[in-house]
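> Following this message is one structure expressed as structure tokens.
The values are calculated or read from the model by the stated rules, or taken from the named source; none is laboratory data. Please read these numbers as outputs of a predicted model, since none were measured by experiment. Ideal geometry is used to build each Cβ from the backbone, glycine not excepted, and the neighbour counts take in all protein chains shown.
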Amino acid sequence: MPDVRGLSEHYRDVARRFAAEGFFTLAVDLYSREGAPDLPDMAAVFRWMRALPDRRVLADLAAAVECLAGRSEVRADAIGITGFCMGGQYALMAACTVERLAACVSWYGMLRYAETDDIKPASPLDLAPGLVCPYLGLFGADDAIIPVADVATLGSILTRAEKAFELHVYPGAGHAFFNETRPDAYRPEIAADAWRRATGFLRRHLQ
């Protein structure tokens, strides 16, 4: 799943890369109803994201999983989910609410809401004790959006809940370190290592 900017060509390419690794891949457009927000107005992007109803998004993701489970090319007991930034946030939330999922990889997915309401009723950290599948979280130590303390809190929650998980925090990496279209953020060596970790994790749990 893509970041707050939507299903750009970069994320279509990421989906193709997963497919080239041997995974049957579905790229989910979280903005399919309203359309993607205007770029590069990041204030508008974050308003758009804030207005996305979490219950609807998670219902859409559950429906996507059921769609995949019905495909002859797919093992219904070996469906994983991955996402970046906002998509990583929803990947973790889906992995706490969609029983059929067998693995989750979240790339710098946000973990905590500043406030909750009817649109955003629970932060990912609130849902984390309900994790239903093995989880890999990939984060940057210098991420200005996701404090390392929140990553540590996630680890403590999952440990107490006796969940299967791995967390990796990369020194010298900020948010969006995998996105080569963001030269301010992209870290090639870290991105390559994270890709190896992600694909290896998914192979172990899905293939």
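> Testing VAL45 on (1) at pLDDT 85 or above; (2) assigned to a helix (DSSP H, G or I), one condition comes back false. Which one is that?
Against the list (1) at pLDDT 85 or above; (2) assigned to a helix (DSSP H, G or I), VAL45 comes up short only on (1).
> Something else now. Can you tell which of ALA114, ALA122 is under 18 Å from MET49 (Cα atoms), at pLDDT below 95 and either surrounded by fewer than 23 Cβ atoms within 10 Å (Cβ to Cβ) or more than 14 Å from the chain's Cα centre (by Cα) (or both)?
Among ALA114, ALA122, only ALA114 is under 18 Å from MET49 (Cα atoms), at pLDDT below 95 and either surrounded by fewer than 23 Cβ atoms within 10 Å (Cβ to Cβ) or more than 14 Å from the chain's Cα centre (by Cα) (or both).
> Pick from ALA149, ALA102: which is farther than 26 Å from SER8 by Cα, touching a Cys at 6+ places or on another chain (Cβ under 6 Å) and of a type in the set (A, V, I, L, M, F, W, C)?
The conditions single out ALA102.
> If you go through region 130-152 one residue at a time, how many are out of contact with any Asp or Glu (no Cβ under 6 Å at 6 or more places or on another chain) and within 12 Å of VAL105 (Cα to Cα)?
Residues meeting the conditions: 6.
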